[in-house]
Amino acid sequence: MSIKNALTVDVEDYFQVSAFAKNIDQQDWDKHPLRVEKNTRRLMDMFDEAQVKATFFVLGWVADRSKDLIKEIAERGHEVACHGYSHQLIYNQTQKVFREETIRSKGLLEDIIQAPVRGYRAASYSITRDSLWALDILAEAGFEYDSSIFPVRHDRYGIPNAEEVPHVLKTPKGHSLLEFPLSTAKIFNYKLPVAGGGYFRLYPYVLTKAGLAQVNRRKQPFIFYLHPWEIDPKQPRIEASWFSRFRHYNNLEKCEPRLQQLMKDFQFGTSWQVLNSLNLVESA
Ligand SMILES: [Zn+2]
């Protein structure tokens with residue numbers, strides 16, 4: 001029997017990404033035409049076609065402006081989870097600001113969908129060794145799971161030696177929280193992030209497929225992520241450094257057909273469904 005994996009979408013728009021944070025002031029976000037609604041609906045149509053339910057980690061800023069979209073995500077049977085409010089990197093925030101915006105964002109989403117929000121994902125996976133305190137705040141705010149830890153080395157995120165499979169994590173203050181770390185695989189002796197996003201657009205599809213199949217061969221589910229703007233090659237171009245533009249615009253036109261193929265090659269559900277099927281709490 002094939003393993004069910006978690007399909008996740010970080011619901012934010014093209015002008016909010018960390019790669020452009022130096023070029024676009026948060027106060028100017030409202031000046032950019034919003035494309036996240038159309039792109040998120042396009043993703044949901046693709047998921048319907050493939051009969052897949054997914055988890056949508058929604059940015060509070062987007063939820064405030066697109067309440068109908070968030071309602072629709074829940075009504076179409078997907079899981080609504082939290083991506084913070086302002087997309088600031090956690091290790092650059094104070095604990096006080098992080099707590100306030102996280103509670104605000106969770107409450108906002110729960111008001112819209114009238115159901116509990118269980119999952120959290122940090123902007124740019126910014127729970128690192130410097131911001132493990134955030135896990136305490138998540139547990140205290142009532143989240144049941146986190147999916148923010150990327151067990152790789154990267155200039156903006158990552159805990160290279162963190163546990164690689166879903167597990168019950170003990171926070172610094174001793175709370176328990178389920179953690180679904182972003183998936184990696186061993187390819188040519190390298191630990192390669194194969195969890196989606198920019199990596200999905202950068203690598204040839206066969207490499208992603210081989211890496212993800214390797215995770216399932218170890219009898220583990222993987223977690224895959226992408227953003228609504230990644231299936232939108234026509235989005236307005238932002239002036240930024242060569243490297244930031246490469247990260248953001250590389251192979252945008254390949255994302256949608258690859259995603260169609262991925263949904264044929266693997267089984268998917270929401271992260272909450274997948275975590276529940278693992279009986280982690282009982283075995284902890
Ligand atoms: Zn994000």
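The values are calculated or read from the model by the stated rules, or taken from the named source; none is laboratory data. Bear in mind the structure is a predicted one, so any value in this text is a computation, not a measurement. Backbone-built Cβ (ideal geometry, glycine too); neighbour counts: all protein chains shown. For the accessible areas, the whole protein counts, side chains as well, though only heavy atoms, and no ligand, DNA or RNA atoms are used. Shrake-Rupley method; radii C 1.70, N 1.55, O 1.52, S 1.80 Å.
Summary of computed values
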| item | result |
| --- | --- |
| Condition check for residue 32: within 16 Å of the ligand (Cβ to nearest atom), modelled with pLDDT under 95 and either under 19 Å from residue 147 (Cα atoms) or not charged (D, E, K, R) (or both) | yes |
| Residue match in segment 202-210 (condition: over 24 Å from residue 115 (Cβ atoms), within 16 Å of the ligand (Cβ to nearest atom) and of a type in the set (Phe, Trp, Tyr)) | no |
| Index of the failed condition, residue 157 passing every other in (1) open to solvent by less than 10 Å² (accessible area, probe 1.4 Å); (2) hydroxyl-bearing (Ser, Thr, Tyr); (3) farther than 25 Å from residue 115 by Cα | (1) |
| Members of segment 22-56 found to be without any contact (Cβ under 8 Å) to a residue 60 or more places away in the chain and outside any helix (DSSP H, G or I), listed by number | 25, 34, 51, 56 |
| Segment 200-252: number of residues that are hydroxyl-bearing (Ser, Thr, Tyr) and in contact with a helix residue (DSSP H, G or I) (Cβ under 7 Å, 6 or more places away or on another chain) | 4 |
| Criterion violated by residue 4 - all others in (1) within 16 Å of the ligand (Cβ to nearest atom); (2) in contact with a Phe, Trp or Tyr (Cβ under 9 Å, 6 or more places away or on another chain) satisfied | (1) |
| Qualifying residue in segment 246-267 (condition: outside any helix (DSSP H, G or I) and either closer than 18 Å to residue 55 by Cα or modelled with pLDDT of 95 or more (or both)) | yes |
| Yes/no for residue 200 being within 24 Å of residue 141 (Cβ to Cβ), hydrophobic (A, V, I, L, M, F, W, C) and open to solvent by less than 10 Å² (accessible area, probe 1.4 Å) | no |
| Residue match in segment 220-229 (condition: in a helix (DSSP H, G or I) and either open to solvent by less than 50 Å² (accessible area, probe 1.4 Å) or within 30 Å of residue 48 (Cα to Cα) (or both)) | yes |
| Selection count, segment 57-98, where residues are within 14 Å of the ligand (Cβ to nearest atom) and outside any loop (DSSP other than H, G, I, E, B) | 9 |
| Neighbours by Cβ (under 6 Å, 6+ apart or cross-chain): first from segment 241-270, basic (Lys, Arg); second open to solvent by less than 50 Å² (accessible area, probe 1.4 Å) | 247/19; 247/198; 258/205 |
| Of the criteria (1) away from the ligand (no atom under 16 Å from the Cβ); (2) over 28 Å from residue 274 (Cβ atoms); (3) modelled with pLDDT of 95 or more, which one residue 25 fails | (3) |
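Residues checked against (1) under 16 Å from residue 225 (Cα atoms); (2) open to solvent by 20 Å² or more (accessible area, probe 1.4 Å):
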residue	(1), (2)
37	no, yes
52	yes, no
66	no, no
77	no, yes
92	no, yes
96	no, yes
120	yes, no
130	no, yes
140	no, yes
